[in-house]
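One structure below.
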Amino acid sequence: MKKRWLSVYVENEVGVLARVAGLFSGKLYNLNSLTVGETEQTDTSRMTISLVSDDRTFEQVKHQLNNMVEVIQVLDYTDKPFCSKEVMYIKVTSNPQAEGELAKLAEKFVIAVIDRSAEELLVESLADETTTDTLIGEMQRIFPAGIEVVRGGSVAIAKLAKT
C-alpha cells in the first residue's frame, strides 16, 4: 500500500464529479481527498485525487478513469516531483494561554488567526498533508477540550525542475 496522487483533467460539465466519485465508491476504492476546480479554460476542470492503494488497484483506477468519456487526461504524480497544498481551518476556544501557544506554532507552521470572538479563534493553515496532520496533533495537544477542523483537500501540480 502506497500513497498515490493523480491529476485528472475533465470536461467541465454537470455530473462529471459525481461520475468520477461514483467510480471510486462503486469499486470500493477509498479516497484520501478529491479536490476539483475550473482551470484557465472554462470548459475544463482539474481534479486532484489522493488515495492509498496497491499497484494493481491503482493501475485499475487509472485505466477506468482513462476510459471515461469526460476525462481528457490522467496524470500520475505518485513518483514524480510535485507541489501540493491544502487549506485548513481550525476553530478553538480562546484564552490568553491559547494566544501564546498559537504564536509559538506560527513560528513552525504557516498559520494565521483570521477571525475571533470573545470565546473562539478561527485559525487558517496552508500546508501539505503531512504538515497539516502534524499541526492537527499539535492543536489537539494545546486544546485538549477539542478543536473543530475543516480540511479542503489537496491541490497539486508538477514541479518545474526535475529535483
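Taking segment 73-151, how much of its Cα-Cα pair set, in percent, is spaced more than 17 angstrom apart? All intermediate terms of the calculation are to be shown ahead of the outcome.
Working: 1408 of 3081 pairs.
Every Cα pair in segment 73-151 considered, those over 17 Å come to 46 percent.
At the listed q of 0.15 Å⁻¹, the Debye profile of segment 20-150, built from one uniform point per Cα, gives log10 I(q)/I(0) equal to -0.84. Per residue, the chain reaches -10000 deg cm²/dmol at 222 nm when only DSSP H runs of four or more residues are counted, each adding -39500 (n - 2.57). If the segment from Glu38 to Gln97 were pulled out straight at 0.36 nm per residue, it would be longer than the present Cα-Cα gap by 17.1 nm.
Explain nothing, just the number: relative contact order of the chain, from Cα pairs under 8 Å at least 6 residues apart, as a whole percent. Don't jump to the answer; show the numbers that get you there.
Values: 272 pairs, mean separation 44.4, N = 163.
Taking the mean separation of contacting Cα pairs over the length of the chain, I get 27 percent.
Between the alpha-carbon centres of segment 102-131 and segment 38-77 there is a gap of 32 Å. Bridgeable aspartates and glutamates around Lys104 (alpha carbons under 17 Å apart, same-chain partners fewer than 8 residues away excluded): Glu124, Glu138.
Just so you know, all these numbers are worked out from the coordinates, no wet-lab data involved. The shown structure was predicted, so the numbers you read here are calculated from the model rather than taken from an experiment.
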